[in-house]
Amino acid sequence: MKALVFCAIFFALTLTVNAQDRKDILNILETQRVSWNKGDLEAYMETYWKSDSLLFVGKNGPKFGWQTTLDNYRKSYPDKVAMGILSFDVQQIRFLSETDAFVLGAWHLKREKDSPEGYFTLLMKKLNGQWKIISDHSS
């Protein structure tokens, strides 16, 4: 009986932690959206792990490093017109552990001449109490 009570309490606490963590992750994606739409790539990049081990996989293959990722964004999106208006459609947040989460979603850009869109998968890690993107695969 004690084991059953313990399991019930543990399960309830896990759901509570995941609910708050889910909100935190959604807030990070909202921070990204707002920063992007202001044309502020530096603020957008604050959601990423500031490390040479950050992995970004895009159309040109895998690239490592926070600064490399920022530099590539600057080349691909040199101004607010090129950046357009970003929106996300988060389809799944799956917690792999208390400190690791997998996020699946779609991104959409609305620009004057086109509307590119694609999908993304993120691996996020809770570092020093904050969720950070440690791997981003966007296509």
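No value in this document is a laboratory result; all are computed from the given coordinates. These numbers come from a predicted model, not from an experiment. Using ideal geometry, Cβ is built from the backbone for each residue, glycine included, and neighbour counts are taken over all protein chains shown.
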Check whether at least one residue in region 108-115 is surrounded by 17 or more Cβ atoms within 10 Å (Cβ to Cβ) and either of a type outside the set (D, E, K, R) or farther than 19 Å from residue 36 by Cβ (or both), and report yes or no.
-> yes
Considering each of 88, 56 in turn, give the residue that is under 18 Å from residue 21 (Cβ atoms), among the aromatic types (Phe, Trp, Tyr) and not in a helix (DSSP H, G or I).
-> 88
Restrict the check to region 124-135 and report whether at least one residue is touching a strand residue (DSSP E or B) at 6+ places or on another chain (Cβ under 7 Å) and among the aromatic types (Phe, Trp, Tyr).
-> yes
List the pairs whose first member sits in region 64-93 and is closer than 20 Å to residue 28 by Cβ and touching a residue at least 60 places away in the same chain (Cβ under 8 Å), whose second member is small (Gly, Ala, Ser) and outside any helix (DSSP H, G or I), and whose Cβ atoms are under 7 Å apart, counting only residues at least 6 apart or on separate chains?
-> 90/105; 93/101
Please verify whether region 38-48 includes one or more residues that are closer than 25 Å to residue 20 by Cβ, surrounded by 13 or more Cβ atoms within 10 Å (Cβ to Cβ) and touching a residue at least 40 places away in the same chain (Cβ under 8 Å).
-> yes
Counting only residues that are more than 17 Å from residue 121 (Cβ to Cβ) and among the acidic types (Asp, Glu), which one in region 50-93 is surrounded by the fewest Cβ atoms within 10 Å (Cβ to Cβ)?
-> 79
